[in-house]
């Protein structure tokens, strides 16, 4: 994150859940990364913010249907880092759709850890064991279409189980209050 802002990009760090956002902002403060809170009202500034600006906020503020039209210079580079996948694919897709409407260069990246509650819901222990067997370090970042497809498939399965979509503080609470018993 610091590297992106040091290189002149505007950075937006998003989370689907307030508890995750709180953890991220705490880590950023501890690492002395200067940032400000993002709200729907900041949407019009994303593509015209000064280089090095870092925002943190909730995904629903970014993808809000009431967000003002986002204009700005096509020369601005905006890096959007989403710290987690939402259990429902439609929530992630809303972020992608909103990013596609921006007038500046956008790079959107989702981050997902092997101990993520969504992965645990789908037998993440087996995947963790596989990574250890292969000798992949816990700090290693992996990106592959198969991983993306597996996450999307899990999200689609979860969406079929959703009985209601209550907003919650954490992903753990989301599973507790939004899924039918299997």
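The values are calculated or read from the model by the stated rules, or taken from the named source; none is laboratory data. Predicted model, so just to flag it, every value in this text is computed and none were measured. Cβ: placed from backbone, ideal geometry, glycine included. Neighbour counts: every protein chain shown.
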Open item on the list: Among the residues of the range 74-87, are any surrounded by 12 or more Cβ atoms within 10 Å (Cβ to Cβ) and modelled with pLDDT under 85?
Closed with: yes
Open item on the list: Suppose we keep only residues that are outside any loop (DSSP other than H, G, I, E, B) and in contact with a strand residue (DSSP E or B) (Cβ under 6 Å, 6 or more places away or on another chain) within the range 96-128. Which one would you say is farthest from residue 62 (Cα to Cα)?
Closed with: 105
- [ ] Residues being over 18 Å from residue 112 (Cα atoms) and touching a helix residue (DSSP H, G or I) at 6+ places or on another chain (Cβ under 6 Å): count how many of those fall in the range 170-182.
- [x] 2
TODO: Please identify the pairs in which a residue from the range 53-73 that is on the phi > 0 side of the Ramachandran plot and in a loop (DSSP other than H, G, I, E, B) has its Cβ atom under 7 Å from the Cβ atom of a residue that is buried (at least 20 other Cβ atoms within 10 Å of the Cβ) and at pLDDT 55 or above, counting only partners at least 6 apart or on another chain.
DONE: none
- [ ] Could you list all residues from the range 61-73 that are surrounded by 17 or more Cβ atoms within 10 Å (Cβ to Cβ) and either farther than 13 Å from residue 12 by Cα or modelled with pLDDT of 90 or more (or both)?
- [x] 61, 62, 67, 70, 72
Open item on the list: Need the failing condition index for residue 93 against (1) assigned to a helix (DSSP H, G or I); (2) under 16 Å from residue 152 (Cβ atoms); (3) in contact (Cβ under 8 Å) with a residue 12 or more places away in the chain, just the number.
Closed with: (3)
Task: Test result for residue 173, within 23 Å of residue 57 (Cα to Cα), at pLDDT below 90 and either out of contact with any strand residue (DSSP E or B) (no Cβ under 9 Å at 6 or more places or on another chain) or exposed (fewer than 10 other Cβ atoms within 10 Å of the Cβ) (or both) - done: no
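Okay, residues lined up against (1) under 23 Å from residue 21 (Cα atoms); (2) over 18 Å from the mean Cα position of the chain (by Cα); (3) surrounded by 12 or more Cβ atoms within 10 Å (Cβ to Cβ):
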{"site": "94", "(1), (2), (3)": "yes, no, yes"}
{"site": "107", "(1), (2), (3)": "yes, no, yes"}
{"site": "114", "(1), (2), (3)": "yes, no, yes"}
{"site": "117", "(1), (2), (3)": "yes, no, yes"}
{"site": "126", "(1), (2), (3)": "no, yes, no"}
{"site": "137", "(1), (2), (3)": "no, yes, no"}
{"site": "147", "(1), (2), (3)": "no, no, yes"}
{"site": "156", "(1), (2), (3)": "no, no, yes"}
{"site": "160", "(1), (2), (3)": "no, yes, no"}
